[in-house]
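Taken together, the values in this text are just the output of simple stated rules run on the coordinates, not laboratory data. Please read these numbers as outputs of a predicted model, since none were measured by experiment. Note: ideal-geometry Cβ built from the backbone for every residue, glycine included; neighbour counts use all protein chains shown.
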Amino acid sequence: MTNGLIDFVLVSVALLAIGIYGLAVKRNAIRMLFGVEMIINSANLNLVAFARFIPNSQGQTLALFSIAIAAAEVAVGLALIIVAYRMYKNIDIEDFRSLKG
Amino acid sequence: MVDAVFLALSVLTIGSAIVALEIRSLIYGSIALMLTLSGIAGFFLLLDAPFVAMFQLSVYVGSIAVLILFTVMLVRRELIFNKIEDKRRRYAGIGLMLALMLGLGMVIIGSGMKSMETNSPSVDYKKIGADFLTYYSPALIVMALILAASVVGALTLARREDITNDQRTD
């Protein structure tokens, strides 16, 4: 393999930073979900990269579990966004300040 | 040193991640997010993990991206193109992003990870399947229950209670 472990970890750090930027700046609920997806993917990339270089099979197993949990999280998150959109007619999270009953 | 495939994949992944957050239309944004996720699948292929790569393609690009596209189509048209954000918070966010990249990057480059390379053969994916069915089988069952519960929860949340069946016209 010509690519070292550090290259994959650096790409993962860049993706993590972009995801945190999206979470911190964007006010659109769906765009914030994009940021969460990027953070989860950078974590998965780290898991698989370290599993390749140790080498060990359990990192890949954990990455598979993580992908499945992320799918469940996205389903619930999108359902919450749809409910909030129905209540407030908007997906701007500044409008969700008064979330109650 | 890195090879050309790695460079192309990282440009694709990072570039389309930025596009997904910054482009005006949410529909193009979700398509760019799809590209980012496919780039990550390409990295998995480079890391000799074809099983995880195919899982990533079928779960993320196949289902999650389509789910996000459908949700985007459900919201009003002007909200899709609407982009309101604080200028000051935006600059602070860019500063935070650069600080994170530089700080974490310095820590990682300074660590002993730089000399870590491997010549050992990659893990056989039969081993992963055997792990799933032996040591990790309780975790697999719990994960199946979590998935079922989350899908049922999402359906319950998104159900409209103000419409009964006889009110539907179509």
All positions within the range B:108-132 that are assigned to a helix (DSSP H, G or I) and farther than 20 Å from B:Val2 by Cβ:
B:Tyr125, B:Lys126, B:Lys127, B:Ile128, B:Gly129, B:Ala130, B:Asp131, B:Phe132
A careful count of residues in the range A:37-55 that are of a type in the set (S, T, N, Q) and more than 8 Å from chain B (Cβ to nearest Cβ) gives 2
State which residue is farthest from A:Ala63 (Cα to Cα) when the search covers only the range B:11-28 and only residues that are in contact (Cβ under 8 Å) with a residue 12 or more places away in the chain and at the interface with chain A (Cβ under 9 Å from one of its Cβ atoms).
B:Leu26
Kindly indicate whether any position in the range A:1-9 is assigned to a helix (DSSP H, G or I), at the interface with chain B (Cβ under 7 Å from one of its Cβ atoms) and within 18 Å of the chain's Cα centre (by Cα).
yes
Every residue from the range B:64-97 that is basic (Lys, Arg) and over 18 Å from A:Met38 (Cβ atoms):
B:Arg76, B:Arg77, B:Lys83, B:Lys87, B:Arg88, B:Arg89
Which listed residue is at the interface with chain A (Cβ under 7 Å from one of its Cβ atoms), hydrophobic (A, V, I, L, M, F, W, C) and assigned to a helix (DSSP H, G or I), from B:Met54, B:Met101, B:Met73
B:Met101
If a residue must be acidic (Asp, Glu), out of contact with any helix residue (DSSP H, G or I) (no Cβ under 6 Å at 6 or more places or on another chain) and part of a helix (DSSP H, G or I), how many such residues does the range A:52-101 contain?
2
Identify the residue in the range B:16-72 that is hydroxyl-bearing (Ser, Thr, Tyr) and under 13 Å from the mean Cα position of the chain (by Cα) and, among all such residues, is farthest from A:Phe50 (Cα to Cα).
B:Ser30
